[in-house]
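Coordinate-derived values only; no laboratory data. Just so we're clear, the structure is a prediction, and the values are computed from it rather than from any experiment. Here the Cβ positions follow ideal geometry from the backbone for every residue, glycine too, while neighbour counts run over all protein chains shown.
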Amino acid sequence: MLGRERIEYKTPEQVLAMRRAGLVVADALAAVTEAARPGATTDDLDAVAAEVLRSAGATSSFLGYHGYPKVLCASVGAEVVHGIPGPRALVAGDVLSVDFGAVVDGWHGDSAVTVLVGDAAAHDPADVELVSTTRDALWAGIAALARGAAEGGRLGVVGDAVQDLVELRAAQGRPPLAIVEGYVGHGIGTAMHQAPEVLNHRSRSRGPKLRPGLCVAVEPMLARGGDETEVLDDGWTVVTDDGSTAAHWEHTVALVEGGVWVLTAPDGGAADLAAHGVEVRPLA
Ligand code: MF3
Ligand code: CO
């Protein structure tokens with residue numbers, strides 16, 4: 001069980017090494033986002049990401065992971081996570097989640113974005129809301145980590161913050177969204193998936209104390225319908241049971257003295273955390 005595994009706390013030097021992996025991931029996701037236009041196939045996007053890895057001299061966290069065949073996960077519509085790139089061509093209005101991981105000098109970075117494909121006119125307003133709320137949930141979770149780190153809190157503050165945000169939006173009369181609880185965030189470092197688990201919902205189990213050197217991938221997944229999922233026959237693709245559209249956003253975050261540094265955000269999280277009144281603590 002992940003819950004019983006030892007946590008790999010990183011030194012500041014190791015966090016700096018992870019930052020290099022994080023920036024490769026940020027570059028790749030920016031290139032994939034740019035390439036995610038109507039007519040592009042998800043295999044085209046995998047090739048774009050592979051080229052970023054090659055030119056950076058980095059390797060893939062995903063390729064070969066339990067036999068996973070690609071460097072990117074591309075999940076469209078009701079696919080939540082772990083969609084395998086293939087010949088499918090994107091169309092305007094698609095909701096596309098792309099998840100990517102890179103290894104530099106043995107250290108991993110992991111991040112995901114959800115892209116609305118094509119012109120704004122093509123998008124279902126409820127999909128737009130889904131994508132922006134999932135992104136907001138990610139940053140609410142990261143801001144909670146930063147505050148919790150300063151206050152001696154525990155990792156459970158992430159799930160509290162994600163669920164609070166989802167419930168607040170619903171209470172404001174917006175279309176209710178479900179938190180996909182079957183998949184969670186994770187510790188990350190010399191492996192992509194490490195202890196501890198990072199829940200996206202409130203839980204009585206509060207998790208480990210937040211202290212410098214803890215590095216985690218925070219990755220809320222929300223769906224427009226129910227929270228039940230299943231895995232397709234390809235053994236990977238996770239879809240919502242009811243066919244409702246899902247979104248996924250993720251960042252790799254390091255706890256440092258006095259707060260956090262978002263390793264997979266080009267600005268370290270400065271802009272999005274400022275919106276939460278939180279100052280980011282970059283090590284470089
Ligand atoms: N990056 C995913 C996560 O966020 C895991 C992808 S599994 C893989 O945890 F096999 F596709 F690599
Ligand atoms: Co992850």
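Against the globular-protein guess of 2.2 N^0.38 Å, express the Cα radius of gyration of the stretch 216-267 as a ratio, rounded to two decimals. Walk me through the numbers before you get to the answer.
On the way: Rg = 15.3 Å, N = 52, 2.2 N^0.38 = 9.9 Å.
Normalised Cα radius of gyration, the stretch 216-267: 1.55.
Which loop-located trypsin sites (Lys or Arg not before Pro) does the stretch 120-226 contain, where loop means any DSSP state but H, G, I, E or B and the Cβ has at most 12 other Cβ atoms within 10 Å? Let's see the in-between values first.
Numbers: sites: Arg135, Arg147, Arg154, Arg169, Arg202, Arg204, Arg206, Lys209, Arg224; in loops: Arg202, Arg204, Arg206, Arg224.
Loop-located and lightly packed - Arg204.
Starting from the 7 Å offset along Cα-to-Cβ, what nm value, one decimal, do you get for the label separation of Ala121 and Ala150?
So the two model labels end up 4.6 nm from each other.
About its Cα centre, what dipole magnitude does the stretch 1-119 give when the only charges are +1 on Lys and Arg Cβ and -1 on Asp and Glu Cβ, stated in debye to the nearest 20?
On the way: 9 positive and 15 negative charges, 63 e Å.
The calculated dipole for the stretch 1-119 is roughly 300 debye.
Largest first, please: the extent of the C-alpha atoms of the stretch 243-284 along each principal axis, to the nearest Å.
So the extents along the principal axes, rounded to whole Å, are 43, 19, 17.
Evaluate the charge dipole of the stretch 2-274 about its Cα centre and quote only its size in Debye, nearest 20, assuming +1 on the Cβ of each Lys and Arg and -1 on the Cβ of each Asp and Glu. Walk me through the numbers before you get to the answer.
Numbers: 20 positive and 37 negative charges, 206 e Å.
Approximately 1000 debye in magnitude.
If I build a Gaussian network model for the chain, linking alpha-carbon pairs within less than 10 angstrom, which residue out of Thr114, Thr11, Thr59 has the largest mean-square fluctuation?
The residue that fluctuates most here is Thr11.
Hey, what D do you get for the stretch 143-203 in µm²/s if you plug the Kirkwood alpha-carbon radius into Stokes-Einstein at 10 °C and 1.306 mPa s? Can you show the working numbers first?
Values: Rh = 12.7 Å.
Once the numbers are plugged in, D ends up at 125 µm²/s.
Of Met221, Gly269, Ser55, which is farthest along the charge dipole of the chain in the positive direction, counting Lys and Arg as +1 and Asp and Glu as -1 at C-beta?
Selected residue: Gly269.
Hey, could you get me the Stokes-Einstein D for the chain, Kirkwood radius over alpha-carbon pairs, 10 °C and 1.306 mPa s, rounded to whole µm² s⁻¹?
On the way: Rh = 18.6 Å.
Stokes-Einstein gives a translational diffusion coefficient of 85 µm²/s.
With unit charges on the beta carbons (Lys and Arg positive, Asp and Glu negative) and the dipole taken about the Cα centre of the chain, which residue among Leu72, Pro176, Val104 sits farthest to the positive side?
In the chain, that residue is Val104.
Note down the relative contact order for the chain as a percent, whole number, built from C-alpha pairs under 8 angstrom at least six residues apart. Provide the component values of the computation, followed by the final result.
Working: 723 pairs, mean separation 63.2, N = 284.
Answer for the chain is 22 percent.
Ignoring everything except DSSP H segments at least 4 long, calculate the 222 nm mean residue ellipticity for the chain; use -39,500 (n - 2.57) per segment, divide by total residues, nearest 500.
Dividing the helical sum by the residues of the chain leaves -10000 deg cm²/dmol.
Return the sequence-ordered ³J(HN,Hα) values of the stretch 9-18 in whole Hz as given by the Karplus equation 6.51 cos²θ - 1.76 cosθ + 1.60 applied to θ = phi - 60°, using x for Gly and Pro.
7, 9, 6, x, 5, 5, 5, 5, 5, 5
Give me a comma-separated list of calculated 3J(HN,Hα) values for the stretch 186-200, in order, Karplus coefficients 6.51, -1.76, 1.60 applied at θ = phi - 60°, integers in Hz, x for any Gly or Pro.
Whole-Hz 3J(HN,Hα) from phi for the stretch 186-200: 7, x, 8, x, 6, 9, 5, 10, 10, 5, x, 6, 10, 6, 9.
Given axes a ≥ b ≥ c from the Cα gyration tensor, I'd like to know whether the stretch 1-157 is rounded (a/c under 1.5), prolate (a/b larger than b/c) or oblate. Provide the component values of the computation, followed by the final result.
Values: a/c = 2.04, a/b = 1.31, b/c = 1.55.
Cα axes put the stretch 1-157 in the oblate bin.
Given the C-alpha centroids of the stretch 70-130 and the stretch 221-255, what is the distance between them in whole angstrom?
Rounded to whole Å, the Cα centres lie 11 Å apart.
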